[in-house]
1. Scan the range 141-173 for residues that are polar (S, T, N, Q) and in contact with a helix residue (DSSP H, G or I) (Cβ under 7 Å, 6 or more places away or on another chain) and report the count.
2. Testing R70 on (1) surrounded by fewer than 20 Cβ atoms within 10 Å (Cβ to Cβ); (2) within 13 Å of F142 (Cα to Cα), one condition comes back false. Which one is that?
3. Within the group G111, G150, which residue is modelled with pLDDT of 90 or more and under 24 Å from the mean Cα position of the chain (by Cα)?
4. On the basis of being surrounded by fewer than 18 Cβ atoms within 10 Å (Cβ to Cβ) and within 21 Å of P38 (Cα to Cα), does F116 make the cut?
5. Can you find a residue in the range 99-112 that is assigned to a helix (DSSP H, G or I) and over 14 Å from F142 (Cα atoms)?
6. Testing L128 on (1) in a helix (DSSP H, G or I); (2) open to solvent by 10 Å² or more (accessible area, probe 1.4 Å), one condition comes back false. Which one is that?
Amino acid sequence: VDDCELEIRDPQSWRRGTSPAKTSFAQQFRADVDAIIPLGRKEEARLARRIEFARRRQQKAQRESDPFSRRWMELHALRVELVERNLYLVLINVERYAQAHASRLDLLQEGCVSLFRAVDGFDWRRGLLFRTYAVHWLNQAFRNYLYNHGHTVRVPVYLQKALKGINQAAARLGDSRATPKEIAAS
């Protein structure tokens, strides 16, 4: 198995060509993502299987005391391909959170990092599309970013969720001056 060739594809093979230079980073990022050809269902499943196989070969090479092998480069290249070919998901989902006074660039960065986490946790045997699984990771990353950076004084996430529940209970009562006992009773 170790003497077979690496399965590293040229990144230009999944791009439509070069994108024109734009004025801002966000515009350039959007143009670059628009130039990437998205994966079809069969291509996505095949790439996910290749990643799993490359991960197994890399782990075998690591056990054989070769920590930085050619197999690591192959695994990295396959992960990057799956992430790049799904970057459009970041752009689609960042729009939902950009109105929350969050930095669009920070949200883009969080989204890109979460795609790598999604690649590492994706199991193609479950029959899900990668994009379905990745959107869960994107939403989780965006919400965590907003929870952690949405206040001048950082309030822990569990307290923010508790306050949200209290505010919803007060809204259901229809009384903005409801006492804690009234809210607890509802």
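1. As a first pass, look at the range 141-173 and keep what is polar (S, T, N, Q): 144, 148, 152, 160, 167-168.
Subset that is in contact with a helix residue (DSSP H, G or I) (Cβ under 7 Å, 6 or more places away or on another chain): 160.
Qualifying residue count for the region: 1.
2. Exception for R70: condition (2).
3. Numbers: G150 fails: modelled with pLDDT of 90 or more.
Criteria check complete, one pass: G111.
4. Working: surrounded by fewer than 18 Cβ atoms within 10 Å (Cβ to Cβ): yes; within 21 Å of P38 (Cα to Cα): yes.
Yes: the conditions hold for F116.
5. Let us first name the residues in the range 99-112 that are assigned to a helix (DSSP H, G or I), namely 99-100, 104-112.
Going one step further and asking which of them are over 14 Å from F142 (Cα atoms), we end up with none.
The answer is no; no qualifying residue exists.
6. So the condition that L128 fails would be (1).
Every residue, every condition in (1) open to solvent by 40 Å² or more (accessible area, probe 1.4 Å); (2) in a helix (DSSP H, G or I); (3) of a type in the set (K, R), yes or no:
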site: A134; (1), (2), (3): no, yes, no
site: A141; (1), (2), (3): no, yes, no
site: K164; (1), (2), (3): yes, yes, yes
site: R172; (1), (2), (3): yes, yes, yes
site: D175; (1), (2), (3): yes, no, no
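Results for (1) surrounded by 15 or more Cβ atoms within 10 Å (Cβ to Cβ); (2) polar (S, T, N, Q); (3) not in a helix (DSSP H, G or I), shown as yes or no for each residue.
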residue: Q62; (1), (2), (3): no, yes, no
residue: A77; (1), (2), (3): yes, no, no
residue: V83; (1), (2), (3): yes, no, no
residue: L91; (1), (2), (3): yes, no, no
residue: E95; (1), (2), (3): no, no, no
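The values are calculated or read from the model by the stated rules, or taken from the named source; none is laboratory data. Note that this is a predicted model, so its numbers are computed, not measured. Every residue, glycine among them, receives a Cβ derived from its backbone with ideal geometry; neighbour counts consider all protein chains shown. All accessible areas refer to the heavy atoms of the entire protein, side chains included, with ligands and DNA or RNA removed. Shrake-Rupley method; radii C 1.70, N 1.55, O 1.52, S 1.80 Å.
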